[in-house]
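Asker: Sharing a structure here in structure tokens format.
The values are calculated or read from the model by the stated rules, or taken from the named source; none is laboratory data. Keep in mind that this is a model prediction, so the values were computed, not measured. Positions of Cβ are generated from backbone atoms using ideal geometry, with glycine treated the same way; all protein chains shown enter the neighbour counts.
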Ligand code: UD1
Ligand code: UDP
């Protein structure tokens, strides 16, 4: 039997985390698949962190990140870069993930080249093209160009059906982020030396008793929050840090200069605020497991934290991930100073409120998403 050549393409940290278990699941069947990994390197350092953690070796690296790049830069560079890659390799399927500019431009390149596209994490929607921007646009267009839709939940499937996508081209798989999360947690659990190394690393990074003391773990990077939104977020954090001097605030700061600038300007001198560089996935997950509250505008963290039983306050007005909101572990607080302060304070002060939100559950699957995707790809 001729091997099926499958190309995975991704460029940013979250895509890499969520495609890593799929890459390994395909690689584990070398008699069936020839797996080719193409990275655009829309992110450089934050992508390389993930490639290392998951031991992935790109066959092609477009290496396109530029400091302060905008949407025109990335879209054009991915589209042009993928032209030659697809011409040279001609895979039977091009797998893209999620909703970044790499996703959109690579799917377009597949379409232009006549290479069928499989979309992992398909069907997420807010139905508002401005929120998140430009991700809602990216994923809606990617769906138009997709042959195999891998929807993480029944809800994401229903969004696709409502847009006229035929049922026969959709598979509900669960989210591959849970596969990645469980794999990493299992590795930490099983390996005491690894665990000790993580503890030593985090203690050195943070300089406080993070295993004993309450801390809020926070991340933020959404484009629609740049400017006023980030000012609101930073001032909320400053106010909370002053009001709760015994609570620590840990913030691995995204490398985007639009994030670095306000965060460093407003929060660098706050004594119980720990601004640190982006963490590797393994220490980040281990830290999240030990956190008290998660405050974020991230997509992936909204999926991971519920499975760790952490209350998540999401600094956005809408989410394409309503499953955990319905289940009660995720609450939307906007990029709004007053609402952020009130909501974090409520969780810190009110045990009943905290306990009601801190319930572990897995609306995004049990960690078998990749097996389901691979079984579809075996039959194409
Ligand atoms: C991108 C995605 C967003 C995703 C996020 C995950 C788009 C439009 N945005 O946003 O959907 O949620 O990644 O984090 O696709 N930078 C570095 N090193 C890195 C990464 C970024 O220096 O490893 C800096 C560079 O100056 C770069 C800038 O951040 O130009 C912006 O990166 P970009 O990928 O365009 O936007 P993100 O905000 O990271
Ligand atoms: N993450 C990480 N290190 C960090 C912060 C986040 O490894 O310092 C992981 C996190 O666990 C999640 C992913 O990065 O899996 C989320 O990435 P991000 O928030 O940048 O993007 P989004 O999910 O919003 O697209």
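Asker: So, of the residues in segment 42-59 that are surrounded by fewer than 23 Cβ atoms within 10 Å (Cβ to Cβ) and closer than 19 Å to residue 110 by Cα, which turns out to be farthest from ligand 1 (Cβ to nearest atom)?
Answerer: 59
Asker: Still on this structure, I have one more. Limited to segment 227-250, what total is found for residues that are surrounded by fewer than 17 Cβ atoms within 10 Å (Cβ to Cβ), in contact with a helix residue (DSSP H, G or I) (Cβ under 7 Å, 6 or more places away or on another chain) and not in a helix (DSSP H, G or I)?
Answerer: Total meeting the criteria: 0.
Asker: Of 270, 184, 216, 253, which residue is within 30 Å of residue 149 (Cα to Cα), touching a residue at least 24 places away in the same chain (Cβ under 8 Å) and in contact with a helix residue (DSSP H, G or I) (Cβ under 8 Å, 6 or more places away or on another chain)?
Answerer: When all the criteria are applied, what remains is 184.
Asker: So which residues in segment 308-332 are surrounded by 22 or more Cβ atoms within 10 Å (Cβ to Cβ), in contact (Cβ under 8 Å) with a residue 60 or more places away in the chain and within 16 Å of ligand 1 (Cβ to nearest atom), if there are any at all?
Answerer: 315, 316, 320, 321
Asker: Ok, one more. Considering each residue of segment 81-122, count those that are within 16 Å of ligand 2 (Cβ to nearest atom) and assigned to a loop (DSSP other than H, G, I, E, B), and give that number.
Answerer: 5
Asker: Here's a check for you: in segment 1-29, which residue that is buried (at least 18 other Cβ atoms within 10 Å of the Cβ) and closer than 16 Å to residue 110 by Cα is nearest to ligand 1 (Cβ to nearest atom)? Walk me through how you get there before you give the answer.
Answerer: First pass over segment 1-29, keeping only residues buried (at least 18 other Cβ atoms within 10 Å of the Cβ): 4, 6-23, 25-26.
Next cut, closer than 16 Å to residue 110 by Cα only: 6-11.
On the way: 6: 23, 7: 19, 8: 17, 9: 13, 10: 11, 11: 7 Å.
That would be 11.
Asker: Which members of segment 178-193 meet the condition of being part of a helix (DSSP H, G or I) and loosely packed, with under 13 Cβ neighbours inside 10 Å? Talk me through it step by step, then tell me what you get.
Answerer: Pass one, segment 178-193, residues part of a helix (DSSP H, G or I): 178-190, 192-193.
If the condition is that a residue be part of a helix (DSSP H, G or I) and loosely packed, with under 13 Cβ neighbours inside 10 Å, then 186, 189, 190, 192, 193 are the ones that fit.
Asker: Is it the case that segment 194-205 has a residue that's assigned to a helix (DSSP H, G or I), touching a helix residue (DSSP H, G or I) at 6+ places or on another chain (Cβ under 9 Å), at pLDDT 95 or above and under 22 Å from residue 311 (Cβ atoms)?
Answerer: Checked segment 194-205: at least one residue is assigned to a helix (DSSP H, G or I), touching a helix residue (DSSP H, G or I) at 6+ places or on another chain (Cβ under 9 Å), at pLDDT 95 or above and under 22 Å from residue 311 (Cβ atoms).
Asker: OK, next. Looking at the structure I just gave you, is residue 73 within 13 Å of ligand 1 (Cβ to nearest atom), without any contact (Cβ under 8 Å) to a residue 24 or more places away in the chain and out of contact with any helix residue (DSSP H, G or I) (no Cβ under 6 Å at 6 or more places or on another chain)?
Answerer: So residue 73 passes the test.
Asker: Further, regarding this structure: Which residue, of 352, 305, 360, 335, is over 18 Å from residue 172 (Cα atoms), assigned to a loop (DSSP other than H, G, I, E, B) and free of Cβ contacts under 8 Å to residues at least 60 places away in the same chain? Please lay out each step first, then the result.
Answerer: On the way: 352 fails: assigned to a loop (DSSP other than H, G, I, E, B); 305 fails: assigned to a loop (DSSP other than H, G, I, E, B); 335 fails: free of Cβ contacts under 8 Å to residues at least 60 places away in the same chain.
So the residue among 352, 305, 360, 335 that is over 18 Å from residue 172 (Cα atoms), assigned to a loop (DSSP other than H, G, I, E, B) and free of Cβ contacts under 8 Å to residues at least 60 places away in the same chain is 360.
Asker: Which of the residues that make up segment 48-80 are modelled with pLDDT of 95 or more, farther than 22 Å from residue 26 by Cβ and either outside any helix (DSSP H, G or I) or touching a strand residue (DSSP E or B) at 6+ places or on another chain (Cβ under 6 Å) (or both)?
Answerer: Within segment 48-80, 63, 64, 65, 66, 67, 69, 70 qualify.
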